[in-house]
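Read the structure below first, then the notes.
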Amino acid sequence: MRFLYLLRRPPYSGSLAAEAIDSILVAGVFDQRVSVLFKDDGVLQLLKDQQGQLLGHRSVNKMLAALPEYEIEELFVCARSLAERALSLDQLSLPVQVLDEVGQQTLIAAQNVVMND
Amino acid sequence: MIASPGGVAEWPKALVLKTSEGRPSESSNLSPSAISMQSSPPGVSYDCYRRIMMFCLNVHGDPASSQSVHSALQFAKATVASGHEIYRVFFYHDGVRIADCNQVPPQDESNLLQQWIEFAEEHSLELTVCIAAALKRGVLNEDERARYERVAANVYPAFSVVGLGQQIEAAISCDRTITFPG
């Protein structure tokens, strides 16, 4: 089945982001076709050079770095969310595909399950 | 609340009319208006919708400080009243706190734990909390209390403490996965 995780929370707002990534990895273990869409403040999870330990957390970008090991390589970001935060792709820690609103609609419509954080 | 694509918001009117026939007393109160207002998608016959749907619910919000647990309960009641079934309710993130039997809600607020337990008993629902999320929030059943040598177990017995795999398995097994974020 096709699973999409729609991540919209910032990386260090409590443990929401970290727990969502745990769920993604388990979906990967279940051999589902898993993709992830980072949107709104969720795009901040992808930033390079995070130092989560300073906030008493695991670094979220390091947790996300495990996704390819679970064969989760379909990673998408919302173009508008990047633009609103003045971010460019070279500031992100993983290779991602940028989608506009129409692209996101198409992606979501193609899923069997959408999980959100 | 966010539904999976093709989720409840797209159901045709005919579905509610069909399934509510057998349960007029329940559905007259609880039939969700959001569902009954919709018409069928263009070119789709009502027939393909005329079956019982299996739902799983993910509940993420803290019962004391977010609306998530309450909204999920209302949705669950409406689901059952419409003739559908709930495969599993999975409490994750701060939602695991609903299983804490020590919570004492104010008398003039609804007792969500009590309401979930009664509803689950009545309809044989499976209530589950994520073990990893529960442990770090101090929500322990007797096994985990003993394993980590803590003072007291506090999970209400109606809740099973399970792994994240149960969340994924439910999503795979169900027609619709609905999440109630915190």
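The values are calculated or read from the model by the stated rules, or taken from the named source; none is laboratory data. Predicted model only: the values in this text are computed from it and were never measured. Neighbour counts run over all protein chains shown; Cβ positions are idealised from the backbone, glycine included.
Below are the figures for this structure:
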{"item": "Tally of residues being touching a Cys at 6+ places or on another chain (Cβ under 9 Å), more than 8 Å from chain A (Cβ to nearest Cβ) and among the aliphatic types (A, V, I, L, M) across the range B:154-182", "result": "5"}
{"item": "Test result for B:Asp62, at pLDDT 95 or above, assigned to a loop (DSSP other than H, G, I, E, B), closer than 18 Å to B:Tyr156 by Cβ and over 9 Å from the mean Cα position of the chain (by Cα)", "result": "yes"}
{"item": "When residues of the range A:45-63 are limited to those that are buried (at least 22 other Cβ atoms within 10 Å of the Cβ) and under 20 Å from A:Asp100 (Cα atoms), the one farthest from the other protein chains (Cβ to nearest Cβ)", "result": "A:Leu46"}
{"item": "Residue satisfying all of: in the range B:95-113; touching a helix residue (DSSP H, G or I) at 6+ places or on another chain (Cβ under 9 Å) and charged (D, E, K, R); farthest from A:Ala20 (Cα to Cα) among these", "result": "B:Asp100"}
{"item": "Enumerated helices (runs of 4 or more DSSP H) restricted to the range B:67-182, each holding at least 1 residues that are touching an Asp or Glu at 6+ places or on another chain (Cβ under 7 Å)", "result": "B:68-81, B:131-136"}
{"item": "Pick from the range A:97-117, criterion more than 9 Å from every other protein chain (Cβ to nearest Cβ) and of a type in the set (A, V, I, L, M), ranking: farthest from A:Tyr5 (Cα to Cα)", "result": "A:Val102"}
{"item": "Residues of the range B:98-121 satisfying the condition of being touching a residue at least 24 places away in the same chain (Cβ under 8 Å) and either crowded, with 24+ Cβ neighbours inside 10 Å or farther than 18 Å from B:Val161 by Cβ (or both)", "result": "B:Ile98, B:Ala99, B:Pro105, B:Ser110, B:Leu112, B:Gln115, B:Trp116, B:Phe119, B:Glu121"}
{"item": "Exclusive hit being in contact with a Pro (Cβ under 9 Å, 6 or more places away or on another chain) and of a type in the set (D, E, K, R), set A:Arg8, A:Arg33", "result": "A:Arg8"}
{"item": "Pick from the range A:30-48, criterion in a loop (DSSP other than H, G, I, E, B) and touching a residue at least 24 places away in the same chain (Cβ under 8 Å), ranking: farthest from the chain's Cα centre (by Cα)", "result": "A:Gln32"}
{"item": "Selection within the range B:123-153 - within 25 Å of B:Ala78 (Cβ to Cβ) and either hydroxyl-bearing (Ser, Thr, Tyr) or within 14 Å of chain A (Cβ to nearest Cβ) (or both)", "result": "B:Ser124, B:Thr128, B:Val129, B:Cys130"}
